[in-house]
Each structure stands twice: as structure tokens, then as C-alpha cells.
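These notes concern the structure reproduced below.
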Amino acid sequence: MNFDPSDYAEGPLPLLHRPRFLAIVSSNTLATSILRRANGRVDGFVVESPTAGGHNAPPRGKLQLNENGEPIYGERDEVDIAGLRALGVPFWMAGGYGSPQKVREALDQGAAGVQVGTAFAFTIESGLRPDLKNSLLAQATTGTGEVFTDPLASPTGFPFKVALLQGSYSDPEVAAARTRVCDIGLLRESYATPEGKIGYRCAAEPVANYVAKGGKIEETVAASACATH
């Protein structure tokens, strides 16, 4: 059957425009390389320092850890702002720029603006649980909050910022006691069975293939490859 847009909408469908491409970089070398190798227009860069929340770029060179087990960043990981300006592409600074003073500093250095993430995670509109927000904000207010740059927390292999909060999965005892969903620690997806139950599929097992048969949906793959499922 041929697809006819007029069957689903009145009049012609709107023209889709190419979205802007903002590459996240942590060094001048990477920014320059992207400009040289990109097969399309690069509209700008988000420049993330090692203090940025979420994922961080690993340190350049051989990975070394401090006494707390966090990656050590050095001079090679510092961004040359003047060099970024010379590329002639707009850039936004990220990682510790969530204050009026840092916004002004970024603008004075030639940035188009800043990227803020962590501050918005604590707004009323964010999806973070209110009790977690309140506990973390209380720690921040009293100066007792701790953030750990974990080199192993993310399956991507990139360092990841973890806010330490007792009773959460950042607590080693809580993490050790949780029910494992996947033996290899890599969850591919969650899914709903035809009976309405929720299941979890890890990367060690095949992708489910649901087919329509006799007016009902049947799953065509074998049982899970994970012993804990």
C-alpha cells in the first residue's frame, strides 16, 4: 500500500528543516578535527570542562586516578579560549558556569552563552524526586555535599558525576543489595509482553521479534540468555 500524506493530514506536510548541529567538545584539538572532517555544517560547540555534571571526557593521555579513585585532569585538558574564538564558530561554555558572574565571564571571553544543566535538575519542573532534590539542596546549602567523578559508573566508559547521597544507589551498600537485571550489567531495553507484564532485556540476549498471528501477538525469540532473568 502506498503512503499518501493527504490521508493523515489536511494539506501538504510542513517542510522539515535541518536541525542545528552543536558538537560537545572538551579540547581545541577535537573542535578543530570536527570542523575539518564534518561532512556538513557545524553550527557551534558546547565546551564542557571536567567539572560539568553528567558525563565528562576522559583525561587526555594515560588514565591516572587520585587517592579517591577519580580521574586526574591536567594542563592538556584545559581549553584555549582564544584558540576557540579563532575558529570562527559560536561556542557555549559548560561546567561551573551556572552563576551570573560566570555567564559574564564567558561572554567577555567571546562565548555565545553558557550551558546549564545541574541547576535545572533542581527546579520544580524537573523529574528528579522531590525528596532527593531537598536532601541534595540541603547538603549544598550547608557545604556538606559531595560529588564523585566515577570512572566506572557509566556503561559508556566515560567518567560520570555522581552525587553522594546516603540511601540512594550512590551508597555502596544500597548498590550491592539491589536485584541484578542483567549479568553483564548492560540493559538494552525494557518492554511490555502481550500479557501486559513489564520485562527487561539485556545485551546478552537476542532482540525480541513480535509477529501478528491469528489476531494476537506472539513472541518468536527463545528464552533469556541471562541466568538472573
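The values are calculated or read from the model by the stated rules, or taken from the named source; none is laboratory data. Remember, it's a predicted structure, so these values are computed and weren't measured experimentally. When we count neighbours, we look across all protein chains shown, and the Cβ atoms used for this are built from the backbone with ideal geometry, even at glycine. The area values use the complete protein model at the heavy-atom level, side chains included, leaving out ligands, DNA and RNA. Shrake-Rupley method; radii C 1.70, N 1.55, O 1.52, S 1.80 Å.
Quick check, is T156 polar (S, T, N, Q), in contact with a His (Cβ under 7 Å, 6 or more places away or on another chain) and open to solvent by 40 Å² or more (accessible area, probe 1.4 Å)?
Values: polar (S, T, N, Q): yes; in contact with a His (Cβ under 7 Å, 6 or more places away or on another chain): yes; open to solvent by 40 Å² or more (accessible area, probe 1.4 Å): yes.
It is true that T156 is polar (S, T, N, Q), in contact with a His (Cβ under 7 Å, 6 or more places away or on another chain) and open to solvent by 40 Å² or more (accessible area, probe 1.4 Å).
Taking the condition of a type outside the set (G, A, S) and either without any contact (Cβ under 8 Å) to a residue 24 or more places away in the chain or within 19 Å of A153 (Cα to Cα) (or both), does P90 pass?
On the way: of a type outside the set (G, A, S): yes; either without any contact (Cβ under 8 Å) to a residue 24 or more places away in the chain or within 19 Å of A153 (Cα to Cα) (or both): no.
For P90, the condition - of a type outside the set (G, A, S) and either without any contact (Cβ under 8 Å) to a residue 24 or more places away in the chain or within 19 Å of A153 (Cα to Cα) (or both) - is not met.
May I ask you to list the residues in the stretch 131-153 that are of a type in the set (V, I, T), surrounded by 10 or more Cβ atoms within 10 Å (Cβ to Cβ) and assigned to a loop (DSSP other than H, G, I, E, B)? Please lay out each step first, then the result.
Step one: of the stretch 131-153, the residues of a type in the set (V, I, T) are 141-142, 144, 147, 149.
Among the residues that remain, those that are also surrounded by 10 or more Cβ atoms within 10 Å (Cβ to Cβ) are: 147, 149.
Listed by number, the list is empty, since nothing qualifies.
Looking at the stretch 55-81, which of the residues that are out of contact with any strand residue (DSSP E or B) (no Cβ under 8 Å at 6 or more places or on another chain) and without any contact (Cβ under 8 Å) to a residue 12 or more places away in the chain is nearest to T32 (Cα to Cα)?
My answer is E78.
If A23 passes every condition in (1) open to solvent by less than 40 Å² (accessible area, probe 1.4 Å); (2) touching a Leu at 6+ places or on another chain (Cβ under 9 Å); (3) in contact (Cβ under 8 Å) with a residue 24 or more places away in the chain but one, which one does it miss?
(3) is the only condition that A23 fails.
Is it the case that L128 is surrounded by fewer than 18 Cβ atoms within 10 Å (Cβ to Cβ), outside any helix (DSSP H, G or I) and free of Cβ contacts under 8 Å to residues at least 60 places away in the same chain?
Details: surrounded by fewer than 18 Cβ atoms within 10 Å (Cβ to Cβ): yes; outside any helix (DSSP H, G or I): yes; free of Cβ contacts under 8 Å to residues at least 60 places away in the same chain: yes.
When the stated conditions are applied, L128 passes them.
Take the residues of the stretch 165-182 that are exposed (fewer than 15 other Cβ atoms within 10 Å of the Cβ) and assigned to a loop (DSSP other than H, G, I, E, B): which is modelled with the lowest pLDDT?
R180
Name the residue that is nearest to T144 (Cα to Cα), counting only residues in the stretch 154-177 that are in contact (Cβ under 8 Å) with a residue 24 or more places away in the chain and in contact with a strand residue (DSSP E or B) (Cβ under 6 Å, 6 or more places away or on another chain).
The residue in question is A163.
Every residue in the stretch 15-55 that is of a type in the set (S, T, N, Q), in a loop (DSSP other than H, G, I, E, B) and more than 30 Å from E146 (Cα to Cα), please.
Here is the first cut: in the stretch 15-55, the residues of a type in the set (S, T, N, Q) are 26-29, 32-33, 39, 49, 51.
Retained after the next criterion (residues that are in a loop (DSSP other than H, G, I, E, B)): 26-27, 39, 49, 51.
The one that is of a type in the set (S, T, N, Q), in a loop (DSSP other than H, G, I, E, B) and more than 30 Å from E146 (Cα to Cα): N39.
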